[in-house]
Every structure is written in structure tokens, then in C-alpha cells.
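Enquirer: Okay, here's the structure, questions in a sec.
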Amino acid sequence: MATYRVLDPHGDVVDTKDIDSAEDAHAWFVDVRADNSELGWRMEVKDPDDAGGWSFFDDTEGNRGSSQ
């Protein structure tokens, strides 16, 4: 299980939750930012097995561009 947090466009943490899967985390993120009128909302994840800090939650569906 990993801990996810939602940040608003100003960088303020809006909500934090422990979630089992990335798919469930994405659904929760969509629910939290139900007012989709503002750009800049983001989600970060912190794995309990990782000693590092928060990481950006990437939902690009594999569209990361070329690695040339």
C-alpha cells in the first residue's frame, strides 16, 4: 500500500490517503478534484518501502515521448 496526496494548483495539500493500487488512486484523484476548471492539480505518491520523499504520480498512459 502506498500513500497518495492531492495538491491544488497553488501547491497546497488538499487530501492524503493510503491506497492499494494506482488505478484506485487515480479514481480518488478525479473525485477529489471534481471541479476540473483549474489546471495545475497534481498527485504525488510515497511508497512506504522507499526512504525518499514524494514522487509525482504519472498518468500519461505510456505517452512519455521518445528517449532519443
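Enquirer: Provide the per-residue ³J(HN,Hα) series for the range 18-35, in order, calculated from phi with Karplus coefficients 6.51, -1.76, 1.60 and θ = phi - 60°, each as a whole number of Hz, with x at glycine and proline positions.
Expert: 7, 9, 6, 9, 5, 5, 5, 5, 5, 4, 5, 4, 4, 5, 5, 9, 3, 7
Enquirer: Additional query: Explain nothing, just compute: Karplus ³J(HN,Hα) = 6.51 cos²θ - 1.76 cosθ + 1.60, θ = phi - 60°, for every residue of the range 37-47 in order, whole Hz, x for Gly and Pro.
Expert: Whole-Hz 3J(HN,Hα) from phi for the range 37-47: 7, 10, 7, x, 5, 8, 10, 10, 10, 10, 7.
Enquirer: Here's another thing I want to ask about it. Starting from the 7 Å offset along Cα-to-Cβ, what nm value, one decimal, do you get for the label separation of ASP12 and TRP41?
Expert: 1.5 nm
Laboratory data are not the source of any read-out in this text; all were calculated from the coordinates shown. Everything numeric here is computed off the predicted structure, so don't read it as measured data. Don't worry about glycine lacking a Cβ; one is built from the backbone with ideal geometry, like all the others, and counts go over all protein chains shown.
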